[in-house]
Amino acid sequence: MVPHSFTSGMALAAWVAPPKPANIWTSWYPDPVVIAILIAIAVWYGRGFRCLWDQGGADRATLRWRAVAFAGALLTLVATLLSPLDALTQSLLSAHMVEYLILTTFTALLLVVARPVPALAAGLPAAWLAGLRGWWERTPPAHAVWRALQQPVVAAALDVIAVIVWHIPGVYETALSHRSLHVVQQLCFLGPAILLWRLVMRPSDERTFSHGRVLLSLIGASLLSTCVGLLMYAGTTWYPIYIGRTAVWGVSVRTDQQMAGLLLGVVPEIADVITFLVVLAGWLQAEEARAA
């Protein structure tokens, strides 16, 4: 991958000034759109949670823990979309990689554990829910898309594509310079991660996939992401936009990029090994159940 920036010569104003150590803790970015969306989702979920709680049809302890997981996911979104950590990505590539790890590991896993769909469905007005169900029943292509997204190879491919495309130098620098595109970038990381964690935590539909296919897809995605991280570690400066921004944090552009490469190429392997073992254990249990 050859470093290149299609933003060269273009006056792209950053959506937030690169922070310095003296003002980092005040570098929150109060994006009104993101804040409004997060509040709306929290209220929506809360309404549905209350409906399910009042119905008493489900285990309330389970509902409580799912709500805790969902709240944790929203807090991690605040950290990656609004907090000083998000502002720090303007100064350090390694901060961006920390955000990436939070989104793909903690946020995605918490959302899968939370299983928010029943609460969100219960939180909709009855007419809206009926209309949504009717649309789903009348739209076979939507079913086909959902089945495709549940395929391990598709989920893994989307994850790898997101990592590669959004770290192409010109694309990454443009996202760093445009707030809306930056949010889209984060969502593109989060979506495939949710699909992969769903396969790890709930590999139950044997008609769609097997534990073996899940395991191979996870290994493939992990290896390809590791390659991108190692290329970043060994390569020359990929992102000229950081020149002049990292020194105030006591690191060179090269050192910052090497730390980012390690964060992308090495640190996720720890979580990946755990997911491999979880899927392998589930596979062995499934085989034992068949043999019994």
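Just checking, which of Val248, Val278, Val228, Val253 is modelled with pLDDT under 90 and either surrounded by fewer than 19 Cβ atoms within 10 Å (Cβ to Cβ) or under 22 Å from Val171 (Cβ atoms) (or both)?
Val278
Only one of Leu74, Leu92 is touching a residue at least 12 places away in the same chain (Cβ under 8 Å) and within 15 Å of the chain's Cα centre (by Cα); which?
Leu74
Output the qualifying pairs, or none if there are none: Cβ atoms under 9 angstrom, residues six or more apart or on different chains, first residue in segment 178-195 and touching a residue at least 60 places away in the same chain (Cβ under 8 Å) and closer than 13 Å to Val33 by Cβ, second residue of a type in the set (D, E, K, R) and buried (at least 17 other Cβ atoms within 10 Å of the Cβ).
Close Cβ pairs satisfying both conditions: Arg179/Asp31; His182/Asp86; Val183/Asp31.
Given Thr236, Thr174, which one is exposed (fewer than 15 other Cβ atoms within 10 Å of the Cβ), polar (S, T, N, Q) and at pLDDT 85 or above?
Thr236
Exactly one condition in (1) within 19 Å of the chain's Cα centre (by Cα); (2) under 29 Å from Ile219 (Cβ atoms) is false for Val183; which is it?
The number of the failed condition is (2).
Conditions first: (1) over 22 Å from Ser180 (Cβ atoms); (2) surrounded by 13 or more Cβ atoms within 10 Å (Cβ to Cβ). Val43 passes all but one, so which condition is the exception?
The number of the failed condition is (2).
Here's the yes/no breakdown for (1) surrounded by 21 or more Cβ atoms within 10 Å (Cβ to Cβ); (2) of a type in the set (Ser, Thr, Tyr); (3) farther than 27 Å from Ser225 by Cβ; (4) more than 14 Å from the chain's Cα centre (by Cα):
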position	(1), (2), (3), (4)
Pro32	no, no, yes, yes
Ala36	no, no, yes, yes
Phe49	yes, no, yes, yes
Ala61	no, no, yes, yes
Ala79	no, no, no, no
Leu109	yes, no, no, no
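Checking the structure you have, find out if any residue of segment 89-102 is in contact with a Pro (Cβ under 7 Å, 6 or more places away or on another chain) and in a helix (DSSP H, G or I).
Looking for residues that are in contact with a Pro (Cβ under 7 Å, 6 or more places away or on another chain) and in a helix (DSSP H, G or I), one finds at least one in segment 89-102, hence yes.
If you go through segment 155-170, how many residues are free of Cβ contacts under 8 Å to residues at least 40 places away in the same chain, surrounded by 17 or more Cβ atoms within 10 Å (Cβ to Cβ) and not small (Gly, Ala, Ser)?
Qualifying residue count, segment 155-170: 2.
Can you find a residue that is exposed (fewer than 15 other Cβ atoms within 10 Å of the Cβ) and of a type in the set (Lys, Arg) anywhere in segment 201-209?
yes
Go through segment 122-153 and give me each residue that's in contact (Cβ under 8 Å) with a residue 40 or more places away in the chain and assigned to a helix (DSSP H, G or I).
Ala122, Arg147, Leu149, Pro152, Val153
Can you name the residue in segment 65-88 that is assigned to a helix (DSSP H, G or I) and hydroxyl-bearing (Ser, Thr, Tyr) and, of all such residues, is nearest to Pro30 (Cα to Cα)?
Only one residue tops the list, namely Thr80.
The values are calculated or read from the model by the stated rules, or taken from the named source; none is laboratory data. Everything numeric here is computed off the predicted structure, so don't read it as measured data. Reconstructed Cβ throughout: ideal geometry from the backbone, glycine too, with neighbour counts over all protein chains shown.
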